[in-house]
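A.B. asks: Attaching a single structure in C-alpha cells format; questions to follow.
Every number here is computed from the coordinates shown, using simple stated rules; none is lab data. Predicted model, so just to flag it, every value in this text is computed and none were measured. Ideal geometry is used to build each Cβ from the backbone, glycine not excepted, and the neighbour counts take in all protein chains shown.
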Amino acid sequence: MKYTSLAISDPEQLVYGTAPNPITTRHGIVIGGGTVYPELNFTLPDLDIKKSTMPEVARHYRQIVQESLERAAELETPGVMLEFETLPPMTEFPEMGMEIVNILLEGIEEAHHKTGLKAALRVTPNDNREFIRPPLMRSGHYWEAMLSLFEQSAEAGAEFLSIESVGGKELHDDALVNGDLRTVLFSLCIMGVRDMRFLWDHIVAIARKHGVYAAGDTACGFGNTAMVLAERRMIPRVFASVVRAITAVRSLVAYECGAVGPGKDCGYENPILKAITGFPMSMEGKTAACAHLSPMGNLAAATADLWSNESVQNIKLLGGMAPTCYMEQLTYDCRLMNTASADGHEAHLHLRDWLVKSDAGYDPQAMILTPESSVQIAQAIVSAEDYYQAGIAAGRQAIAILRETSEAGCLKLNEREAGWLDRMESDFDDLPDTEEEFIEEMMDEVELDKFTPADYDLPSA
Amino acid sequence: MSTLEDLKTAVISGKRKDVKTIVPELLEAGEDPVNLLEEALIPAMGIVGERFKNNDIFVPEMLVSARAMKEAMKIIEPKLLEAGVKPKYKALIGTVEGDLHDIGKNLVATMWKGAGFDVIDLGVNVTPDKFVESIAEHQPDIVGLSALLTTTMPAMRETVTAIREAGHASVKILIGGAPITQTYANEIGADGYSRDAASAVEAAKEALAS
Ligand code: B1M
C-alpha cells in the first residue's frame, strides 16, 4: 500500500474548506484552499433517452446550466463546480454524453463571460460494465465506450474526471442483504481493490494526457447501498457503519494510482480519505435529501471542500427549477461555513464541531465519520500491511469506536443493533491470517458464475 | 416426534438443519405435503414477513428463514409434483430494460416465494420482448415489473403496452420501485402497485382478485 502515514493526523486539522493538497481550476477556484464551494448535480425528469429524444434531453441540460449559474452569479457565489453524472445511455453512446458535456462547457464559459462567475465541470461517466452478467471488466463495448467518454470529455475541457465504479459489486449486494461480512471484505478489499487499480491507471493516464484532474472514485454502490438499506431498517446501522469503514480501503486505491481529488460527493468515506491523502473532498448531506436520505446531514459538511446536492431532477418547484433552487441552498450552506472560517480558526472549529455534534450521537454511521473517528480509522488503514488487513483493521476500528461511544452514553444503540457488534467481531475473529489464505477459502465459498475471476487477477477455482 | 408446529418454529428461527430432519420425519409419519406447505411453511413465512414489516427483524434474519423454507421446498416439491399439486400462483418478475437496480425486486421475489408463489426471476435489464416471450413460455398469473430510475419509467410503460398488445390480457401486472406511484400505475394500465416488499404479497393478491 502506498500511504503509510496520514496527511492529517490531528483531528483539529480535519476541517471543511481546507486540505493540505488543494487544487486550482482553470478559472482560479482553489478547492481545499480555505473556501467551500457548491457542487451542483442534476438529472433528468421521467424521460427516455434515445436519439429521437436528444433535443429534449439537451434542452433540459441547457436550461439547468443557464438558470443555475445565473442564480449562482446573482448570489455572488465565489465559485461553482458542476457535476455531470451521465445517465447510462449517455456513456454507452459517448456521442450523446458529449453533446451534453459541450452544452455544459459552453454554459460555464457563457456565464463566465457575462458575469465573471468561476465554474468548472466534473464529468462522471457511468460504469456500465455490469450491464453484462457476469460483467466484462477489462474489455468489450461498455469498457471501450466508458474510456471514450472520459477521453473526449477531457479533450473538450472537462477539468475533473470521476466515476462510481462497480468492481466487486457482483457479490456485494447479496453480502449486504445477508449481513455477510466475509463477502463484504472479499468484494471490497480483494475484488474492488484489484479493479480500482486497473481502472484508475487508465483514468489517470487519460487525465494526464489532456492536462486535467483525475479526481476520485466512490464506493457508492457499496457504502451508500448499505446506508440506504440501513435507513429503511433493512440491515443494521452498525453493519452499514462497518461496511462504510471498509469502503475507504477500496476508494483509497484511486489516489494511490494518481487521483488528486476532489473526491466524489457520494463517498461518505471521504473524511477518512482526506485524512490519509490530504486531497480535497466533495461531500453531500442534508442538501442531498432530494436524492436520498442519510443519517448525517450536518456532519457530512464538517470536512467538505465542495458541498453537493448529489442529484435532483430538472422539475419545476415553486421557487424555480429544482437545480436552481438547489444551487441557492448549497450557496447559502457554503456562505455560512465560509463566514465562520473567515472569523478565524476558533470560529471555524466551532461551526465544524456543531455540525459534528448535531448528528454524531444519533446514528453509528455518523459516529464513525466524526473527525476523531475518521482519523482513527485512517490510521488503522495506513498501519496495515495489505488491503485485506487494512479492511479488517478499518472494520475493527469502527466496531471499537461504536462500542466505546455507546458505552460512554454518547451514542444510542438499541439491543438489536448492539447484538450485531458481537456478531461482526466474531466474524472478524474467524478470518484467516493472510490474504492468500482468505482468497483460497473464498474462492470455494463464493458463487463463481457471478464474476470472472481472471478480470480480478484471481485464480479461476 | 416432530410436529408441524416444530417445522414452523424451525423456519421462523432459520434453522436449516432442523428443517432438513423435521420435513422427512413428518412425511414419513404420513403428513400430507400440502399440509406442510399450507399449515407450516407459508404461515411461518407470513409471521417472518409480518415481523419484517414491523421492523422487528432485519433482512438478513428474514433471508435465513427464507433459506430454511427453500430447504423444505427442495424436499416437498417433488412430492407435490407427484401428487399433481401446483402452486396457487405463478409469477414472473424482472427489472425493466436499461435498469440494473435489483435489491428491491429481489426482496419482492423473496416475499412472493414466502407466500407460496412459484416465482421465475428474469433478472435485470429485461426488454419488453423478453417479458412477452417469457409470459408465453411460462403462462404466469402475475408479472412484476421494477424500475428505480426515472429514465427507465418509460421502459416500464413500454413493457406494459407490449404485454397487452401481445394479447396477454388476463395476466395481472404489478409494478413498483422508488419513483413509481399508484398514479403512474393507473396511467400506464398496470393492475397494481406496491410501495415496498412487505406489502407486495397483499398487493399481488389484490391485483389477482381484481
Ligand atoms: C413488482 O412489484 C414491485 C413492488 C415493489 C417494488 C418493486 C417491484 N421494486 C421495488 N419495490 C419496492 O419494494 C422494495 C423493497 O421494499 C423497494 O425497492 P427499492 O429498490 O426502492 O429499495 C431497496 C430495498 C433499497 N434501495 C436500493 O437498493 C436503491 C438505493 C439507491 C441508493 C441506488 C443504488 C443502491 C444503486 N444504484 Co442507483 N441507486 C439509487 C437509489 C436511491 C433511492 N433513493 O432509491 C438511484 C435510484 N440510482 C440512481 C442513479 C442515477 C444510478 N444508480 C445506478 C447504480 C446503482 C448501483 C448499481 C450502484 C446500486 C444498485 C444496486 C442494485 N443491485 O440494485 C446507476 C444506474 C445503473 C442502472 N443502469 O440501473 C446510476 C445512473 C448512477 C450512475 N451514475 O451510474 C438515482 C436515480 C436518479 C434518476 N434519474 O432516477 C438514485 C435515486 C440515486 C440518486 N440519489 O441519485 C421499493 O421500491
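A.B. asks: List the DSSP H helices in chain A whose Cα atoms stretch 27 Å or more along the helix axis and whose mean Kyte-Doolittle hydropathy is at least 0.0.
C.D. replies: Those that clear 27 Å and a mean of 0.0 are A:237-256.
A.B. asks: Still on this structure: Which distance in nm do the two modelled labels at A:Ile132 and A:Tyr362 give, with both placed 7 Å along the Cα-to-Cβ direction?
C.D. replies: 4.5
A.B. asks: Rounded to the nearest 5, what % of the DSSP beta bridges within the protein assembly as shown are antiparallel ones?
C.D. replies: 10
A.B. asks: Still on this model: Can you give me the Rg/Rh ratio for chain B, using Cα atoms for both radii and the Kirkwood formula for Rh? Each step should come with its number before you reach the end.
C.D. replies: Values: Rg = 17.8 Å, Rh = 17.7 Å.
With Rg and the Kirkwood Rh in hand, the quotient comes to 1.01.
A.B. asks: Using only Cα atoms, what Kirkwood radius does chain A have, in angstroms? Present the calculation step by step, with values, prior to reporting the outcome.
C.D. replies: Details: mean 1/r = 0.0455 Å⁻¹.
Answer for chain A: a Kirkwood hydrodynamic radius of 22.0 Å.
A.B. asks: Further question: With a cut-off of 8 Å between alpha carbons and a minimum separation of six or more residues, what is the relative contact order of region B:4-82 in percent?
C.D. replies: Relative contact order for region B:4-82 comes out at 45 percent.
A.B. asks: Looking at this model, which pairs from B:Lys74/B:Lys172; B:Lys8/B:Lys74; B:Lys17/B:Lys86; A:Lys2/A:Lys274 are more than 19 angstrom apart at the alpha-carbon?
C.D. replies: Distance filter (> 19 Å) returns B:Lys74/B:Lys172; B:Lys17/B:Lys86.
A.B. asks: Right, here's the next one. How high is the FRET efficiency from B:Glu5 to A:Glu144, r the C-beta distance, R0 56 Å, rounded to 0.05?
C.D. replies: FRET efficiency, B:Glu5 to A:Glu144: 0.40.
A.B. asks: OK, next. Helix B:59-82 versus the longest principal axis of chain B: what is the Cα-based angle in degrees, 0 to 90, to the nearest 10?
C.D. replies: 80
A.B. asks: Another question about this same structure. I need the calculated FRET efficiency for the pair A:Asp353 and B:Lys86, taking r as the beta carbon distance and R₀ as 56 Å, to the nearest 0.05.
C.D. replies: Using R0 = 56 Å, I get an efficiency of 0.30.
A.B. asks: A further question follows. If you place +1 on the Cβ of every Lys and Arg and -1 on the Cβ of every Asp and Glu, how big does the dipole about the Cα centre of the protein assembly as shown come out, in debye to the nearest 20? Walk me through the intermediate numbers first.
C.D. replies: Values: 59 positive and 101 negative charges, 226 e Å.
For this selection, approximately 1080 debye.
A.B. asks: Under 20 °C and 1.002 mPa s, how fast does region B:4-82 diffuse according to Stokes-Einstein, given a Kirkwood radius computed over C-alpha pairs? Answer in µm²/s, whole number.
C.D. replies: 174
A.B. asks: With each pseudo-label sitting 7 Å past Cα toward Cβ, what's the A:Thr339-B:Ala29 distance in nm, one decimal?
C.D. replies: Result for the modelled spin labels: 7.4 nm.
A.B. asks: Where in chain A lies the longest segment free of GluC sites (Glu not before Pro) that are both loop residues by DSSP (not H, G, I, E, B) and have at most 16 other Cβ atoms within 10 Å?
C.D. replies: Working: sites that count: A:Glu76, A:Glu385, A:Glu447.
The longest uninterrupted stretch comes out as A:77-384.
A.B. asks: For region B:105-210, state which trypsin sites (Lys or Arg not before Pro) are in a DSSP loop and have at most 14 other beta carbons lying within 10 Å of their beta carbon.
C.D. replies: B:Arg195
A.B. asks: Can you tell me the FRET efficiency between B:Asn186 and A:Lys316 if r is taken as the Cβ-Cβ distance and R0 is 25 Å, rounded to the nearest 0.05?
C.D. replies: Here the calculated transfer efficiency is 0.65.
A.B. asks: Using a simple spin-label model with points 7 Å from Cα along the Cα→Cβ vector, what separation in nm is obtained for A:Lys412 and A:Asp386?
C.D. replies: About 4.4 nm separates the two model spin labels.
A.B. asks: Can you give the Rg to Rh ratio for region A:330-371, taking only C-alpha atoms and Rh from Kirkwood? If you can, show how the numbers build up before the last one.
C.D. replies: Values: Rg = 11.5 Å, Rh = 11.0 Å.
Rg divided by Rh gives 1.05.
A.B. asks: Moving to a separate point now. Taking Cα pairs under 8 Å and at least six residues apart, what relative contact order does chain A come out at, in percent?
C.D. replies: Numbers: 951 pairs, mean separation 96.6, N = 461.
Relative contact order of chain A: 21 percent.
A.B. asks: Work from the charge dipole of the protein assembly as shown (Cβ charges, +1 for Lys and Arg, -1 for Asp and Glu, about the Cα centre) and give the residue of B:Pro24, A:Leu199, B:Val126 farthest towards its positive end.
C.D. replies: Selected residue: B:Val126.
A.B. asks: Could you give the semi-axes, largest first, of the ellipsoid that matches region A:53-209, computed as the square roots of 5 times the alpha carbon gyration tensor eigenvalues and rounded to whole Å? Let's see the in-between values first.
C.D. replies: Working: eigenvalues 220, 58, 45 Å².
Over the Cα atoms of region A:53-209, the ellipsoid semi-axes are 33, 17, 15 Å.
A.B. asks: Which of the three applies to region B:90-209, rounded, prolate or oblate, going by the alpha-carbon gyration tensor with a ≥ b ≥ c and a/c under 1.5 meaning rounded?
C.D. replies: Rounded is the answer for region B:90-209, as its axis ratio a/c remains below 1.5.
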